[in-house]
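The values are calculated or read from the model by the stated rules, or taken from the named source; none is laboratory data. As the structure is a prediction and not an experimental result, all values here were calculated from the model. Virtual Cβ from ideal backbone geometry, glycine too; neighbours counted across all protein chains shown. Areas reflect the complete protein model, heavy atoms only, side chains present, ligands, DNA and RNA absent. Shrake-Rupley method; radii C 1.70, N 1.55, O 1.52, S 1.80 Å.
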Amino acid sequence: MPAPRTVLLTGAAGGLGTLMRELLPAHGYALRLLDMAPVPGEPDAITADLADKEALRAAVRGVDAVLHLAGISLESSFDKILRANIEGTYNLYEAAREEGVRRIVFASSNHAVGFTPRPLSGAGGADGPALIPVTTAHRPDTFYGLSKAFGEDLAQFYWDKHGLETVSVRIGSCFAEPTSVRMLSIWLSPGDAARLFHAALGAEGVGHSVVYGSSANTRLWWDLSSARALGYEPEDDSEQYAARLVAEQGELDPDRPEHALLGGPFVTDPPIWPH
Ligand code: NAI
Ligand code: 15L
């Protein structure tokens with residue numbers, strides 16, 4: 001596949017969309033923007049809901065690839081998750097199939113596997129605990145996580161049935177800085193997010209690949225090798241924030257589910273907010 005240049009960015013008004021609008025053009029992309037909310041400072045952005053099939057079809061027409069970030073990004077009611085994340089992602093894939101788009105990069109989440117126990121101490125490496133592989137079974141921790149597991153299965157289906165490629169990126173926490181001790185393990189710096197999406201958009205022969213999305217954190221919990229196989233080379237490490245966050249919050253307590261399981265504050269009923 002030739003390197004994609006024109007990319008539809010859904011969710012362009014959101015936190016991650018805003019960061020990618022700033023960072024992805026330097027990797028050589030012309031972005032077409034879509035969100036149900038107006039995108040500040042972007043009068044040409046498409047304002048459309050993922051429920052609007054005709055708008056989606058027009059939005060994907062002629063693009064080389066889609067970076068699909070739009071959707072509800074926290075726990076919500078099943079009805080809302082169903083409409084935005086499950087039906088909405090289906091609508092996008094159908095539009096892409098109908099218009100012959102070759103690749104989607106899908107913003108999955110660690111919450112698709114949120115009930116997976118985290119490694120109990122430290123980082124991986126030769127003598128460290130085993131890192132969580134991408135092949136671990138889905139264990140969603142919320143309706144939100146369930147929708148991400150669905151999205152990964154939808155992507156596999158569209159690859160097997162229609163030859164539409166996807167890289168599903170199980171993003172950890174992508175914010176300017178980590179804000180919790182848990183995030184020290186799963187933080188994806190904005191710069192590394194742009195590097196990872198760039199690799200996912202351009203790598204050859206991905207079929208449907210699942211990768212974890214984080215920086216090269218000292219306290220890493222999961223295996224980044226499938227992301228590295230795409231050409232991703234993370235440059236950041238959350239450890240520079242560790243002393244302050246541990247002093248404020250203490251180390252994680254393995255006897256508390258929200259500290260012992262990958263999904264952290266999403267695993268409790270109700271989830272712990274703010275996280
Ligand atoms: P966000 O909530 O800041 O942005 C989501 C955007 O999607 C919003 O601008 C919203 O208006 C738009 N949107 C929601 N429903 C829509 C619909 N039906 N039609 C059109 N647009 C709609 O979320 P954030 O943090 O930017 O995350 C982006 C994506 O990455 C989400 O899919 C989220 O689940 C995923 N993700 C983000 C992580 C993070 O740390 N930021 C971690 C793991 C996954
Ligand atoms: C997610 O999937 C959320 O979209 C994001 O807001 C963070 O909460 C992140 O997971 C996390 O696990 O920290």
*Taking only pairs six or more apart or across chains, which ones have beta-carbon atoms under 8 Å, a first residue in region 92-117 that is within 30 Å of Trp221 (Cβ to Cβ), and a second residue that is modelled with pLDDT under 95 and surrounded by 18 or more Cβ atoms within 10 Å (Cβ to Cβ)?*
Arg103/Pro4
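Considering only residues of region 150-172 that are within 14 Å of the chain's Cα centre (by Cα) and open to solvent by 10 Å² or more (accessible area, probe 1.4 Å), which is farthest from ligand 2 (Cβ to nearest atom)? Outline the logic, then answer.
As a first pass, look at region 150-172 and keep what is within 14 Å of the chain's Cα centre (by Cα): 150-152, 155, 166-172.
In the following step, the residues that additionally are open to solvent by 10 Å² or more (accessible area, probe 1.4 Å) were identified as 150, 171-172.
Numbers: Phe150: 14, Ile171: 6, Gly172: 6 Å.
Selected residue: Phe150.
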*asked:* If I ask for residues that are surrounded by fewer than 20 Cβ atoms within 10 Å (Cβ to Cβ), assigned to a helix (DSSP H, G or I) and within 9 Å of ligand 1 (Cβ to nearest atom), which ones from region 175-195 would you list?
replied: none
*Across region 15-41, which residue is nearest to His68 (Cα to Cα) among those that are of a type in the set (Gly, Ala, Ser) and open to solvent by 30 Å² or more (accessible area, probe 1.4 Å)?*
Gly15
*Could you list, in sequence order, the residues of region 132-148 that are closer than 15 Å to Phe266 by Cα and surrounded by 19 or more Cβ atoms within 10 Å (Cβ to Cβ)?*
Pro140, Asp141, Thr142, Phe143, Tyr144, Gly145, Leu146, Ser147, Lys148
*Does at least one position in region 113-131 carry a residue that is of a type in the set (Ser, Thr, Tyr), touching a Lys or Arg at 6+ places or on another chain (Cβ under 8 Å), farther than 19 Å from Leu261 by Cβ and buried (at least 16 other Cβ atoms within 10 Å of the Cβ)?*
no
_Number of the exception - His68 against (1) within 20 Å of Ala203 (Cα to Cα); (2) loosely packed, with under 15 Cβ neighbours inside 10 Å; (3) not hydroxyl-bearing (Ser, Thr, Tyr)_ = (2)
*Residues of region 13-36 being farther than 14 Å from Val105 by Cβ and within 16 Å of ligand 2 (Cβ to nearest atom), which ones?*
Ala13, Gly14, Gly15, Thr18, Leu19, Asp35
*asked:* So Arg83 ticks every box in (1) open to solvent by 30 Å² or more (accessible area, probe 1.4 Å); (2) of a type outside the set (Ser, Thr, Tyr); (3) more than 30 Å from Glu22 (Cβ to Cβ) but one. Which box is left unticked?
replied: (3)
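Determine which member of the set Gly172, Gly207 is away from ligand 1 (no atom under 15 Å from the Cβ) and out of contact with any Lys or Arg (no Cβ under 6 Å at 6 or more places or on another chain). Full working, then the answer.
On the way: Gly172 fails: away from ligand 1 (no atom under 15 Å from the Cβ).
After ruling out the rest, the residue left standing is Gly207.
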*asked:* For the list (1) at pLDDT 95 or above; (2) of a type outside the set (Lys, Arg); (3) open to solvent by less than 10 Å² (accessible area, probe 1.4 Å), I need the number of the one condition that Pro4 fails.
replied: (1)
*Mind counting the residues in region 95-106 that are open to solvent by less than 10 Å² (accessible area, probe 1.4 Å) and either more than 20 Å from Val169 (Cβ to Cβ) or within 11 Å of ligand 2 (Cβ to nearest atom) (or both)?*
1
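From Ala126, Ala155, Ala137, Ala65, which residue is away from ligand 1 (no atom under 13 Å from the Cβ), modelled with pLDDT under 95 and closer than 30 Å to Leu220 by Cβ?
Details: Ala155 fails: modelled with pLDDT under 95; Ala137 fails: modelled with pLDDT under 95; Ala65 fails: modelled with pLDDT under 95.
Going through Ala126, Ala155, Ala137, Ala65 in turn, just one is away from ligand 1 (no atom under 13 Å from the Cβ), modelled with pLDDT under 95 and closer than 30 Å to Leu220 by Cβ: Ala126.
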*Cβ-Cβ under 9 Å pairs, at least 6 apart or on other chains, region 13-28 side hydrophobic (A, V, I, L, M, F, W, C), far side within 14 Å of ligand 2 (Cβ to nearest atom) and in a helix (DSSP H, G or I)*: Leu16/Pro190; Leu16/Ala193; Leu19/Pro190; Leu19/Ala193; Met20/Pro190; Met20/Ala193; Leu23/Pro190; Leu23/Ala193
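Listed here are the residues, each with its yes/no results for (1) open to solvent by less than 70 Å² (accessible area, probe 1.4 Å); (2) touching a residue at least 24 places away in the same chain (Cβ under 8 Å).
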position: Val206; (1), (2): yes, yes
position: Ser214; (1), (2): yes, yes
position: Asp223; (1), (2): yes, yes
position: Leu230; (1), (2): yes, yes
position: Ala243; (1), (2): no, no
position: Glu248; (1), (2): no, no
position: Glu251; (1), (2): no, yes
position: Leu261; (1), (2): yes, yes
*Among (1) assigned to a loop (DSSP other than H, G, I, E, B); (2) within 14 Å of ligand 2 (Cβ to nearest atom); (3) of a type outside the set (S, T, N, Q); (4) at pLDDT 95 or above, where does Glu233 come up short?*
(2)
*Working only within region 246-273, note down all residues that are within 16 Å of ligand 1 (Cβ to nearest atom) and either closer than 10 Å to Ser180 by Cβ or of a type in the set (S, T, N, Q) (or both).*
Gly264, Pro265
